[in-house]
Amino acid sequence: MDFKVSDVKQWKEALSSYDSTINSMNKPDLVSLDNFYTKELPSIIHQRNPNPYITTPELSKLMKWKLTRGKWRPRLLDFVSSIDEETVKSASEKAFKALPEVSKAISELTVLKGVGPATASAVLAAYAPDVAPFMSDEAMVAALGNSKDYTLKQYLVFVDKLQAKAKELSAEGEVFTPSDVERALWSSAIGAKIVSSSNTDAKTSKNKRKR
């Protein structure tokens, strides 16, 4: 998916393929983890208004989702799972209160051991998808070029780009959030990889048969 594309129909198609892309990755637990992250966690957080927060088990499950959907780095999971409950609650409460000031919100979360800007962005996206998108590799590459620089500075550039794109796509009566833009980009990139990989597998088995 070319980030510059302004055809809303193409973006809607990419976004609507998100669930089937998650299914086709054949990763154990990813479907249930994604359901937790995209559907259950947002409502759990909002039920805690006016002072929303997340708990250590929720952060741990969110980290498991992030690592399963992307690159598996078990040490990060160990770090967040061992953080004291009160510390996670306090940091996340301050972060949610700081929004829409994304920079301050990220800084409140990255004090937690094992939580960098990318994980912090996932926490914020679960609470405020209309403000802060998740910093996935695929969406970063699509929006910023081949850049996987996981810094706060880079994330703020990424947020600006995705907020602007969401605004552009919402101009025709559709409603697109920055998180919708991230999911569409991710789904499109992963979908293309899956197709390419299955084509390679098909060619390999065809060549084997020829021998």
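Side notes on the structure shown:
- Thr87 being buried (at least 16 other Cβ atoms within 10 Å of the Cβ) and either modelled with pLDDT of 95 or more or not in a loop (DSSP other than H, G, I, E, B) (or both): no
- The single condition from (1) in a helix (DSSP H, G or I); (2) open to solvent by 40 Å² or more (accessible area, probe 1.4 Å); (3) modelled with pLDDT of 95 or more that Pro100 fails is (1).
- Some residue of the range 57-68 being open to solvent by 50 Å² or more (accessible area, probe 1.4 Å), more than 21 Å from Glu182 (Cβ to Cβ) and either at pLDDT 95 or above or not acidic (Asp, Glu) (or both): yes
- Considered as a group, the residues in the range 18-50 that are among the polar types (S, T, N, Q) and within 15 Å of the chain's Cα centre (by Cα) include one that is surrounded by the most Cβ atoms within 10 Å (Cβ to Cβ), and that residue is Thr21.
Residue-wise test of (1) outside any helix (DSSP H, G or I); (2) modelled with pLDDT under 95; (3) β-branched (Val, Ile, Thr).
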| position | (1), (2), (3) |
| --- | --- |
| Ser6 | yes, yes, no |
| Ala14 | no, no, no |
| Asn26 | yes, yes, no |
| Lys39 | no, no, no |
| Ile45 | no, no, yes |
| Asn51 | yes, no, no |
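- Options Leu152, Leu144, Leu169, Leu156: the member that is within 13 Å of Trp11 (Cα to Cα), touching a helix residue (DSSP H, G or I) at 6+ places or on another chain (Cβ under 7 Å) and among the hydrophobic types (A, V, I, L, M, F, W, C): Leu169
- Number of positions in the range 172-199 that are in contact with a helix residue (DSSP H, G or I) (Cβ under 6 Å, 6 or more places away or on another chain) and in a helix (DSSP H, G or I): 16
The values are calculated or read from the model by the stated rules, or taken from the named source; none is laboratory data. This one's a predicted model, so the numbers in the text were calculated from it and none came from an experiment. Don't worry about glycine lacking a Cβ; one is built from the backbone with ideal geometry, like all the others, and counts go over all protein chains shown. SASA here: full protein model, heavy atoms, side chains in, ligands and nucleic acids out. Shrake-Rupley method; radii C 1.70, N 1.55, O 1.52, S 1.80 Å.
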